[in-house]
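The values are calculated or read from the model by the stated rules, or taken from the named source; none is laboratory data. What you see is a predicted model, and the numbers here were worked out from it, not measured in a lab. Here Cβ is always computed from backbone atoms with ideal geometry, including for glycine, and neighbour counts include all displayed protein chains. Ligands, DNA and RNA are stripped out before the accessible areas are found, and what is left, the full protein with its side chains, is counted by its heavy atoms. Shrake-Rupley method; radii C 1.70, N 1.55, O 1.52, S 1.80 Å.
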Amino acid sequence: MRRFENKVVLVTGASKGIGAACARRFASEGAAVVLNFHTDREGAEKVARTIEYGEGKALVVGASVADEDDVIRMFNDVKSSFGQIDVLVNNAGVFKPASVEGIDSSDFDWHFRTNVLGMLMTSKHALNLFPATGGSIVNIGSTASTMAPAGGSLYAASKGAVTTAIKSLAKEFAPRGIRVNGVNPGYVITEGVQAAGLASAEFQAFMVAETPLGRPGRAEEIAAAVAFLASVDASFVTGEILAVSGGSGM
């Protein structure tokens, strides 16, 4: 099934993990994919090569979603290459586990500028590139927003803000025919999770014990849910948050 034939999809934070899986999934269904990265150009280009090897179309664009000037430049590049976008996947995000005693204002700025403001800025500047027939925005949240783990107050709060913004944006963009939804992944072992020190055998065992399906998720499973929400199969769905978590957080 090629639900995104002749569509253009922009995925932020597409150099690894869930973002890379989303990029590959959309390409496999016929989309031309714009892979955004901030620091890992090599990773994004590697994902682009796998897409092009499968005869798909891929464009790699560097930008920090936390910097509005960068976001504007990114969409100018997209406009020059493709003229429009049909789907925006706001996946770029950051996480540093820390107790409240160990955080400061710079940690707050880092989490909220990337996870919240970045999502708002990309959504804002995508508006002018959606066709008159509308499109879809899918934001990647986290079950941390509802489970609220100890040592994750900033991250959980930022993802909670994303959840609330999704519902507001869905109402705001509906007259334009643009649907806005979210996916809240559970425990998925990605490069980001490993970098945060959350992939140890002990932590994995704890998270699996908290997951009714009894295993970590896979990035490809998150990508499948994102593709569903972005597709015509979800044409009457907006303002919804889909937990893809193996049952954790119920």
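Observations on the model:
- Solvent exposure of the stretch 69-178 amounts to 46 Å² per residue of accessible area, where only protein heavy atoms count and the probe is 1.4 Å.
- Remark: the ILE72-ILE103 segment gains 8.1 nm on full extension, using 0.36 nm per residue and subtracting the alpha carbon distance.
- When each of LYS57/LYS79; LYS16/LYS167; LYS7/LYS124; LYS16/LYS57; LYS7/LYS159; LYS16/LYS159 is checked by Cα-Cα distance, pairs over 23 Å: LYS16/LYS167; LYS7/LYS159
- 18 Å tail of the calculated P(r), the stretch 187-240, as % of Cα pairs: 47 percent
- Taking label points 7 Å from Cα along the Cα-to-Cβ direction, ALA205 and THR133 give a separation of 5.4 nm.
- For the stretch 118-161, the direction-averaged projected area of the alpha-carbon convex hull comes to 3.5 nm².
- The loop-placed GluC sites (Glu not before Pro) in the stretch 52-81, going by DSSP, that have at most 12 neighbouring Cβ atoms within 10 Å of their Cβ come out as GLU55.
- Mean residue ellipticity, 222 nm, helices only, the chain: the sum of -39500 (n - 2.57) across DSSP H runs of n ≥ 4, divided by residue count and rounded to 500, is -13000 deg cm²/dmol.
- Per residue, the convex hull spanned by the alpha carbons of the stretch 53-94 comes to 103 Å³.
- Farthest positive-ward along the stretch 11-88 dipole, Cα basis, beta-carbon charges - from ALA21, VAL61, SER80: ALA21
- Å² per residue, accessible surface of the stretch 9-68 at 1.4 Å: 41 Å²
- Split the accessible area of the stretch 1-58 by element, probe 1.4 Å, and carbon with sulfur accounts for 45%.
- Column: log10 I(q)/I(0), Debye, Cα scatterers of the chain, q = 0.12 Å⁻¹: -0.64
- Estimated dipole of the chain in Debye, rounded to 20 [Cβ of Lys and Arg +1, of Asp and Glu -1, Cα centre]: 620 debye
- Using only Cα coordinates, the Kirkwood hydrodynamic radius of the stretch 1-123 works out to 14.8 Å.
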